[in-house]
Amino acid sequence: MLGVSGAAGAEVITGVNWVEAPVQAQQSYLGNTIPFPLPVIAAIEVFVMAYVESKRGSETDRTKRMYPGGSFDPAGFSKGADFEKLKRKELANGRVAMLAFAGIIGEAQANNLEGPVAALSRHLADPWHVNAATNAAAVPYL
């Protein structure tokens, strides 16, 4: 769900929707200019993750290989009696979050790559003419 709120929140704060943000000529983060272009940042991430995964893969202890540095549970949720129920709830929430972001992707495709906040404001301004039933991309063969 953070991806959905991040897509909407970034559009509210910066005015640039989530589709156009990665291809902007000048990237910034919280008002600070990022000195590297996107391919350089992606390459740095690939090399760092390759290093971390190679260190994790070379570990002989099976538990440390699964959870490098030990399992991360600062709140102690894995110690409770309802841990299995919490794991199922986490999976269900993850599936709902993926479905919600798939909805944002579909909205962007149906509205000519418009962001969720701009699409919502257009709908609120004219709800009878700007909705899923009047959009040919949302309802094919209309």
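Here's the yes/no breakdown for (1) part of a helix (DSSP H, G or I); (2) open to solvent by 90 Å² or more (accessible area, probe 1.4 Å); (3) at pLDDT 75 or above:
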site: Ile13; (1), (2), (3): yes, yes, yes
site: Ile44; (1), (2), (3): yes, no, yes
site: Val48; (1), (2), (3): yes, no, yes
site: Glu59; (1), (2), (3): no, no, yes
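Going by the conditions given, is Leu86 assigned to a helix (DSSP H, G or I) and closer than 23 Å to Glu11 by Cβ? Show your work before the answer.
On the way: assigned to a helix (DSSP H, G or I): yes; closer than 23 Å to Glu11 by Cβ: no.
No: the conditions fail for Leu86.
Going residue by residue through region 73-80, is there one that turns out to be assigned to a helix (DSSP H, G or I) and open to solvent by 70 Å² or more (accessible area, probe 1.4 Å)? Explain how you work it out, then say what you get.
Of region 73-80, the ones assigned to a helix (DSSP H, G or I) are 77-79.
Next, only the ones that are open to solvent by 70 Å² or more (accessible area, probe 1.4 Å) stay: 77, 79.
Scanning region 73-80, I find at least one residue that is assigned to a helix (DSSP H, G or I) and open to solvent by 70 Å² or more (accessible area, probe 1.4 Å), so the answer is yes.
Determine which single condition Phe36 fails, assuming it passes every other condition in (1) loosely packed, with under 10 Cβ neighbours inside 10 Å; (2) in a loop (DSSP other than H, G, I, E, B); (3) not β-branched (Val, Ile, Thr).
(1)
Please identify the pairs in which a residue from region 87-107 that is open to solvent by 100 Å² or more (accessible area, probe 1.4 Å) has its Cβ atom under 9 Å from the Cβ atom of a residue that is assigned to a helix (DSSP H, G or I), counting only partners at least 6 apart or on another chain.
Pairs found: Met98/Gly3.
The values are calculated or read from the model by the stated rules, or taken from the named source; none is laboratory data. Bear in mind that the values here come from a model prediction, so they are computed numbers and not experimental data. FYI the Cβ positions are ideal-geometry reconstructions off the backbone, even for glycines, and counts take in every protein chain you see. Please note that ligands, DNA and RNA were not included when accessible areas were found on the heavy atoms of the full protein model with its side chains. Shrake-Rupley method; radii C 1.70, N 1.55, O 1.52, S 1.80 Å.
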